[in-house]
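*Asks:* Have a look at this one before I ask anything.
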Amino acid sequence: MKAIRIRKSRGSRELRDCARLMAGSEPWITLRRTGDQVLGSLKDRSLETCLAVSGREIIGAIVVRMQGVLKGYVQAVCVAPGWRSRGVGRKLLSFAEDRILAKTPNVFLCVSSFNRRARKFYEELGYSKVGELKDFVVAGHSEI
């Protein structure tokens, strides 16, 4: 297996590839987010998008907000289907935690109530529920 590196995204082409990967995965499918909508949010200059790459292939991404009231907010984590359960998500989140905790004392994130796999992932890493936002993004589902 090739080495996995985590690095900041390098321009609009990589952001488009990242948006396509996200829009084809949960929770974005259930949240009804198109590739264009995801790309629009990734272009927000207050966000940092970092990629997991193996060779020249983008195999995952993490999006972090390091400004404003929710400084230290992990907005999104995505791993390509063929790379799931191989440590890529843990590596991405560890990278983000190091970045965040160097600047602020807390890491925040939301996970969709229907996204059981992601909820289990965060619980295994020691994250705890501090609240629930009912019907926050789409009716019938909460963000935890």
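The values are calculated or read from the model by the stated rules, or taken from the named source; none is laboratory data. Quick caveat, the model's predicted, so the values are computed rather than measured. All Cβ positions, even for glycine, are placed from backbone atoms using ideal geometry, and neighbour counts span all protein chains on display. The protein model used for the area step is the full one, side chains on, heavy atoms only, and it has no ligands, DNA or RNA in it. Shrake-Rupley method; radii C 1.70, N 1.55, O 1.52, S 1.80 Å.
*Asks:* Can you confirm whether Val69 is in a strand (DSSP E or B) and without any contact (Cβ under 8 Å) to a residue 24 or more places away in the chain? Before the answer, list the steps.
*Replies:* Working: in a strand (DSSP E or B): no; without any contact (Cβ under 8 Å) to a residue 24 or more places away in the chain: yes.
Criteria not met by Val69.
*Asks:* Identify the single condition in (1) open to solvent by less than 50 Å² (accessible area, probe 1.4 Å); (2) of a type in the set (Asp, Glu); (3) modelled with pLDDT of 95 or more that Asp98 does not satisfy, given that it satisfies every other one.
*Replies:* So the condition that Asp98 fails would be (1).
*Asks:* While we're looking at this one, here's another question. Find the residue count for the stretch 35-53, including only residues that are of a type in the set (Ser, Thr, Tyr) and modelled with pLDDT of 95 or more. Explain how you work it out, then say what you get.
*Replies:* If we filter the stretch 35-53 for residues that are of a type in the set (Ser, Thr, Tyr), which is where we start, we get 41, 46, 49.
Imposing the further condition that a residue be modelled with pLDDT of 95 or more reduces the set to 49.
Of the residues in the stretch 35-53, 1 are of a type in the set (Ser, Thr, Tyr) and modelled with pLDDT of 95 or more.
*Asks:* Okay, moving on. Return yes or no: is Phe114 modelled with pLDDT under 95 and over 15 Å from the mean Cα position of the chain (by Cα)? Let's see the steps before the verdict.
*Replies:* Values: modelled with pLDDT under 95: yes; over 15 Å from the mean Cα position of the chain (by Cα): yes.
Considered against the rule, which asks whether it is modelled with pLDDT under 95 and over 15 Å from the mean Cα position of the chain (by Cα), Phe114 comes out as yes.
*Asks:* Here is a follow-up. Does the stretch 2-11 contain at least one residue that is at pLDDT below 90 and either over 27 Å from Val138 (Cα atoms) or under 13 Å from the mean Cα position of the chain (by Cα) (or both)?
*Replies:* Initially, the stretch 2-11 is screened for residues at pLDDT below 90, giving 2.
Narrowing the set further to residues that are either over 27 Å from Val138 (Cα atoms) or under 13 Å from the mean Cα position of the chain (by Cα) (or both) leaves 2.
Within the stretch 2-11, one or more residues are at pLDDT below 90 and either over 27 Å from Val138 (Cα atoms) or under 13 Å from the mean Cα position of the chain (by Cα) (or both).
*Asks:* If I ask for residues that are assigned to a loop (DSSP other than H, G, I, E, B) and either of a type in the set (A, V, I, L, M) or in contact (Cβ under 8 Å) with a residue 40 or more places away in the chain (or both), which ones from the stretch 1-27 would you list? Steps first, answer last, please.
*Replies:* Step one: filter the stretch 1-27 for residues assigned to a loop (DSSP other than H, G, I, E, B), giving 1-3, 9-11, 24-27.
Met1, Lys2, Ala3, Ser9, Ser25, Glu26, Pro27, listed by residue number.
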